[in-house]
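Read through the structure below, which is laid out as structure tokens, and then see the notes.
The values are calculated or read from the model by the stated rules, or taken from the named source; none is laboratory data. On a predicted model such as this, the values are computed, not experimentally measured, just so you know. Quick reminder, even Gly has a Cβ in these numbers, built from the backbone with ideal geometry, and neighbours come from all protein chains shown.
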Amino acid sequence: AQSVTQLGSHVSVSEGALVLLRCNYSSSVPPYLFWYVQYPNQGLQLLLKYTSAATLVKGINDFEAEFKKSETSFHLTKPSAHMSDAAEYFCAVRDIIQGAQKLVFGQGTRLTINP
Amino acid sequence: DTEVTQTPKHLVMGMTNKKSLKCEQHMGHRAMYWYKQKAKKPPELMFVYSYEKLSINESVPSRFSPECPNSSLLNLHLHALQPEDSALYLCASSQEGSRFEQYFGPGTRLTVT
């Protein structure tokens with residue numbers, strides 16, 4: 001079964017600073033990897049995905065992630081944090097069970113932005 | 001358009017009530033999902049429908065009953081719920097195969113009294 005581990009349940013950065021959210025995965029097949037963002041009392045919004053094309057993936061709102069097979073990592077970065085980036089972030093990997101595709105989520109990282 | 005809609009946004013129900021949650025997508029996706037999310041936790045998968053057939057039931061209690069009337073609609077029928085069932089219920093849809101990526105609705109905040 002596939003799994004993901006997000007290192008750090010809570011990350012705090014200053015406005016304008018680099019954002020780095022860590023995700024490591026375990027997969028027995030070439031993985032499909034995703035980052036989602038969730039604002040309070042809302043659904044999850046897809047930030048970006050990796051599906052075996054370019055290893056550096058660009059997403060919405062200037063986020064990007066780099067797939068590193070040797071490190072089994074898919075860390076999310078943003079060069080300059082904005083107050084509006086404060087939210088919960090989930091890394092996820094695709095799994096296939098009984099012929100159906102599903103997402104396996106990490107435990108999430110809460111990002112706080114300090115003024 | 002990558003929109004998944006859910007109704008109602010909020011629902012308060014007693015333990016003896018029967019209610020339904022509704023989800024709709026018009027992206028032509030053939031897979032639809034129900035998740036339950038508790039505060040400060042990731043979404044937990046409940047059910048997966050693929051081509052309108054139930055593919056995955058993650059051992060969900062029978063007081064939750066899913067229904068997929070057609071490829072655009074997904075319902076979750078609720079009956080005799082418990083207070084611990086209070087949560088955010090999320091619907092999602094996706095393409096099948098190599099174009100897999102899930103899009104989520106805004107959720108229904110359910111409170112069981």
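For residues in the range A:67-96 being in a strand (DSSP E or B) and free of Cβ contacts under 8 Å to residues at least 24 places away in the same chain, which is nearest to A:Ala53 (Cα to Cα)?
A:Lys68
Filter the range B:58-73 down to residues that are within 14 Å of chain A (Cβ to nearest Cβ) and assigned to a strand (DSSP E or B) and give me whichever is nearest to B:Thr16 (Cα to Cα).
B:Pro66
Return the residue satisfying two criteria in turn: it lies in the range B:10-42 and is touching a Gly at 6+ places or on another chain (Cβ under 9 Å) and assigned to a loop (DSSP other than H, G, I, E, B), and of such residues it is nearest to A:Leu111 (Cα to Cα).
Among those that are touching a Gly at 6+ places or on another chain (Cβ under 9 Å) and assigned to a loop (DSSP other than H, G, I, E, B), it is B:Lys40.
Are any residues in the range A:69-115 among the hydrophobic types (A, V, I, L, M, F, W, C), in contact with a helix residue (DSSP H, G or I) (Cβ under 7 Å, 6 or more places away or on another chain) and more than 16 Å from A:Arg22 (Cβ to Cβ), and if so, which ones?
A:Ile113 - this is the single residue of the range A:69-115 that is among the hydrophobic types (A, V, I, L, M, F, W, C), in contact with a helix residue (DSSP H, G or I) (Cβ under 7 Å, 6 or more places away or on another chain) and more than 16 Å from A:Arg22 (Cβ to Cβ).
For B:Ser55, indicate whether it is assigned to a strand (DSSP E or B), within 8 Å of chain A (Cβ to nearest Cβ) and more than 24 Å from A:Gln107 (Cβ to Cβ).
The answer is yes for B:Ser55.
So, of the residues in the range A:1-31 that are at pLDDT below 95 and in contact with a Phe, Trp or Tyr (Cβ under 9 Å, 6 or more places away or on another chain), which turns out to be farthest from A:Ser80 (Cα to Cα)?
Ranking the candidates gives A:Gln2 first.
Considering only the range A:101-109, I want to know if a residue exists there that is in contact with a Leu (Cβ under 9 Å, 6 or more places away or on another chain), surrounded by fewer than 19 Cβ atoms within 10 Å (Cβ to Cβ) and among the polar types (S, T, N, Q).
Scanning the range A:101-109, I find no residue that is in contact with a Leu (Cβ under 9 Å, 6 or more places away or on another chain), surrounded by fewer than 19 Cβ atoms within 10 Å (Cβ to Cβ) and among the polar types (S, T, N, Q), so the answer is no.
May I ask you to say which residue of B:Leu90, B:Leu78 is at pLDDT 95 or above, buried (at least 17 other Cβ atoms within 10 Å of the Cβ), touching a Gly at 6+ places or on another chain (Cβ under 6 Å) and outside any loop (DSSP other than H, G, I, E, B)?
Only one candidate passes the filter, namely B:Leu90.
Answer with yes or no whether A:Phe105 is at pLDDT 95 or above and in contact with a Pro (Cβ under 7 Å, 6 or more places away or on another chain).
Here the answer is yes, as A:Phe105 does meet what is asked.
Which is among the hydrophobic types (A, V, I, L, M, F, W, C), crowded, with 19+ Cβ neighbours inside 10 Å, farther than 13 Å from B:Gln102 by Cα and within 14 Å of another protein chain (Cβ to nearest Cβ), of A:Val57, A:Val29, A:Val19?
A:Val57
Would you confirm whether or not the range A:18-37 contains a residue that is part of a strand (DSSP E or B) and in contact with a helix residue (DSSP H, G or I) (Cβ under 7 Å, 6 or more places away or on another chain)?
Yes, the conditions are met somewhere in the range A:18-37.
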